[in-house]
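Everything below concerns the one structure shown next.
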Amino acid sequence: MQNIEQILAELQRFAWPDYVAFVAMFLLCIGIGIYFGFMNKSVSEDDYMLGGRKMLVIPIAFSLVASFISGITLLGLPTEVYSYGVQYLYVACGVIGMGVVMGVFYLPVFHDLNITSTYEYLEVRFDRRLRLYGSIMFAVMNVAYLPIVIYVPALAFNQVTGIGVHTITPIVCIICVFYTSLGGLKAVVWTDVVQAVSMLGALCLVAIKGTRDIGGPGVVLERAWNTDRLEAPDLSIDPTVRHTFWCLFLGGIVYWTQTNAVSQNMIQRYLSLPTLGDARKALCIFCAGVLILMALCGYNGLLIYATYQNCDPLTTKLAKARDQLLPLFVMETLGELPGMTGLFIAGVFSAALSSLSTCLNSMSAVVLEDFVKPYVKKPLTTTAINWIMRLVVVGVGALCVCLVYVVEHMGTVLQLTMSLEAITNGPLFGIFTIGLFMPWINGNSALLGGIMGVIGMSWVSLNAQWAIASGAINYNTKALNVEQCDYSFNVTTSLVKSSSHLVASAEDIFPLYRISYMWYTTFGASITIVVALLGTLIFGKNNPNKVDPVLLTPCIRKFFSFGSEERMDAYKPDIPLQHKLRPDEVAL
């Protein structure tokens, strides 16, 4: 009987056709960067960051999908469905809800203001302190997130080739930095189009070939049904249940709205479109694209279970990490077809490259607009602006390569990154929501709410992650067994069938530490909004009628009388935001 090492050695068949397919994708990205870098030599700041605000709907929609679906999602979502069933996929309802909320309440304000960085809005609506707060939260989250984005697909590449993580990550980062710094947003968007098609192709390839090998989709669905992986939405109102319909729908709306409507990474794409109507079209296509990719990832998770139902590779350690489960399946399914494994890995790295390039481009915008321009006495020249933007991309890319070493040697970094995301996302979303919906709240109250939101979420999230890491909180999986493995392994215990409900080994765990992570963004935003409302008792209120109406969501404007039309005219797009009035300077 073979052992795990022998099986892995046999499966690592990454031949020259696979390398050709893999390298071809990178060469295409480089070519796009060269085209937009050298064919448009006189690039203005607006062209570099927003494509001159003349981008097309379809490329932007594809770019949004590619940017949001990272390699972590492509590899993690199938493993989620494999282990816990399809319950998470009901977050699709939250995605649809997000499309409505963002298109009606958030997108009209940001698009009409003609801004580059979303955090410019915070300075105009409140003051410079809130702008700096938002920018710092964004920068911290991106610096923590970027190494994970590139490290996870590098693990997949290591699984199928045996090539070390630190051999491939610098190469990938250099390529991404090259085309992002050279071509700006146009290069990022058009490479995203290529990468979105590559991702979709990779997932379809795996689904079609794997389904054919196992005997058809009926076999996949039957085996999933027999182990309760196909299940109706859990309507429990218990907030400690990992996934219920309510946390996926309501919590999903808040989380996805924060990510799409507030985060610079995504909103920058919508702002590059010429009209609000075009931005809404891109939003609709984005929602449809994400749902399709999530459905494919979920089906692949069920397909993997149907294939490994009697010999779980996570238990036997044939897949050493959860993110290596799908690559293992690909090696067994596509390994004998020349070039197919290479196409799949190209698809996984496409997801990583699109997310990395998006973050790099957004970081250059935020650093220039929020950390440089407000603090220089003289206007920057076009040459200085171009150098700053490109140096930020190069510097953050180099930092990303260095932090990959930290990720590799600190096993809890993945959990820590999830905690940091929860810590920053909720309070930021709360502050933007205050600005759009509550004109009577001023900058002092909003800043107090934001600070308390970060403190509160730090307390809850870090303690919850510690409880999970220590084993005090554990979530059991669906049925997994190793009864019919045809190879030897050293694991003496296997997972048993159970639900995805919470199992706490320590009854005295504080209840807030046990709430589902899907509520984190909602919880952080709620703390921020409640504290800001209470802060008005200390810092007073704005006169809502003196807040410029374009800073409020359209449905709120009708409840206040803003006086003369001159205040509306004061916010024409060609007037720099730095010269506009700050409404919270007038208190009751």
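Separation of the range 249-316 and the range 433-458, taken as the distance between their Cα centroids, equals 28 angstrom. Close amide H partners of residue 482, meaning residues 5 or more places away or on another chain with modelled amide H under 5 Å apart, are 312.
Write down the Å³ per residue value for the convex hull defined by the alpha carbon atoms of the chain.
Details: hull volume 86.0 nm³, N = 588.
Spread over its residues, the Cα hull of the chain gives 146 Å³ apiece.
Shape analysis of the range 182-341 places it in the oblate category; the axes a ≥ b ≥ c from the Cα gyration tensor give an a/c of at least 1.5, with a/b not above b/c. Reducing the range 95-167 and the range 320-383 to their Cα centroids gives an inter-centroid distance of 12 Å. Applying Stokes-Einstein at 37 °C and 0.692 mPa s to the Kirkwood radius of the range 305-403, computed over alpha-carbon pairs, gives a translational diffusion coefficient of 191 µm² s⁻¹.
Kindly identify the range 79-143 as rounded, prolate or oblate by the Cα gyration tensor criterion: order the square roots of the eigenvalues as a ≥ b ≥ c, call it rounded if a/c is under 1.5, otherwise compare a/b with b/c, prolate if a/b is larger, else oblate. Oblate, because a/c is 1.5 or more while a/b does not exceed b/c. Taken over the range 279-349, the alpha-carbon convex hull comes to 112 cubic angstrom per residue. When a/c is below 1.5 the answer is rounded, else prolate if a/b is larger than b/c, else oblate, so apply that to the range 179-239 with a ≥ b ≥ c taken from the square roots of the Cα gyration tensor eigenvalues. Here the range 179-239 falls in the oblate category. In this simple spin-label approximation, residue 533 and residue 399 carry label points 7 Å from Cα along the Cα→Cβ vector, and these lie 3.6 nm apart.
Per the helix-only calculation at 222 nm, which mean residue ellipticity applies to the chain, given -39500 (n - 2.57) for every DSSP H run of n ≥ 4 and division by its residues, nearest 500 deg cm²/dmol? Walk me through the intermediate numbers first.
On the way: 23 runs with 378 residues, N = 588.
Helices in the chain give a 222 nm mean residue ellipticity of -21500 deg cm²/dmol.
How do 186, 377, 317 stack up against each other in accessible area, from largest to smallest, with a 1.4 angstrom probe?
Details: 186 55, 377 205, 317 110 Å².
Largest accessible area first, the list is 377, 317, 186.
When Rg and the Kirkwood Rh are both derived from Cα coordinates, the Rg/Rh ratio for the range 68-205 amounts to 1.01. Scanning the chain for long hydrophobic helices, with DSSP H runs required to stretch 24 angstrom or more by C-alpha along their axis and to average at least -0.5 on the Kyte-Doolittle scale, returns 16-38, 128-161, 165-214, 276-308, 340-366, 382-409, 413-437, 443-470, 520-539.
The values are calculated or read from the model by the stated rules, or taken from the named source; none is laboratory data. All values reported here derive from a predicted model rather than from experimental measurement. Here the Cβ is made from the backbone with ideal geometry for all residues, glycine too, and neighbour counts use every protein chain on show. The protein model used for the area step is the full one, side chains on, heavy atoms only, and it has no ligands, DNA or RNA in it. Shrake-Rupley method; radii C 1.70, N 1.55, O 1.52, S 1.80 Å.
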